[in-house]
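Q: First, the structure itself, so that you have it in front of you.
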Amino acid sequence: MESFYKNLAVEDAAEIERIARLMYDVRTARDEVLCRLGAADEAQALQCIVSGELSEHPNYEYYLSARILTDLHGQVRAELATRTQEVQGK
């Protein structure tokens, strides 16, 4: 299998690698927050808080953190897709 980075300029490859790493770090941070809540996703975490299975504080703040990280992950993923298309079109 040919390396994705093989035909890219060094600067472009480094930028894509940084964005990919950020995406991984954000996803990992979100997963750690969800693990603290014992939830598979944000919806399950919120349901556990609403039902009283989890206390409101600090769990609601953890839930909000997970939501923010999920949104950020989506933004970074979109940026990675855009940047990848740009450099492949050069």
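The values are calculated or read from the model by the stated rules, or taken from the named source; none is laboratory data. As the structure is a prediction and not an experimental result, all values here were calculated from the model. Virtual Cβ from ideal backbone geometry, glycine too; neighbours counted across all protein chains shown.
Q: Going by what's in this entry, would Ala13 be described as modelled with pLDDT under 95 and outside any loop (DSSP other than H, G, I, E, B)? It would help to see each step written out before you state the result.
A: Working: modelled with pLDDT under 95: yes; outside any loop (DSSP other than H, G, I, E, B): yes.
Judged against the criteria, Ala13 is a match.
Q: Then there is this: Just to verify a result, which residue in the stretch 42-73, among those that are in contact with a Leu (Cβ under 7 Å, 6 or more places away or on another chain) and closer than 22 Å to Tyr24 by Cα, is surrounded by the fewest Cβ atoms within 10 Å (Cβ to Cβ)? Walk me through it before giving the result.
A: First, pick out the residues of the stretch 42-73 that are in contact with a Leu (Cβ under 7 Å, 6 or more places away or on another chain): 45, 48, 54, 59, 62-63, 66.
Add one more test, that the residue is closer than 22 Å to Tyr24 by Cα, and what stays is 45, 62-63, 66.
Values: Ala45: 25, Tyr62: 20, Tyr63: 23, Ala66: 23.
Taking the candidates together, the pick is Tyr62.
Q: Here is a follow-up. Filter the stretch 46-68 for residues that are assigned to a helix (DSSP H, G or I) and either closer than 22 Å to Glu15 by Cβ or of a type in the set (Ser, Thr, Tyr) (or both) and give the result.
A: Quick first cut of the stretch 46-68, residues assigned to a helix (DSSP H, G or I) only: 46-51, 59-68.
Result: Ser51, Tyr60, Tyr62, Tyr63, Ser65.
Q: Can you go through Val26, Val76, Val33 and tell me which one is touching a Ser or Thr at 6+ places or on another chain (Cβ under 6 Å), assigned to a helix (DSSP H, G or I) and surrounded by 17 or more Cβ atoms within 10 Å (Cβ to Cβ)?
A: On the way: Val26 fails: touching a Ser or Thr at 6+ places or on another chain (Cβ under 6 Å); Val76 fails: touching a Ser or Thr at 6+ places or on another chain (Cβ under 6 Å).
Answer to the selection: Val33.
Q: Then there's this: With part of a loop (DSSP other than H, G, I, E, B) and more than 15 Å from the chain's Cα centre (by Cα) as the only criterion, which of Ala39, Ala43 stands out?
A: Details: Ala43 fails: part of a loop (DSSP other than H, G, I, E, B).
Testing whether each residue is part of a loop (DSSP other than H, G, I, E, B) and more than 15 Å from the chain's Cα centre (by Cα) leaves just Ala39.
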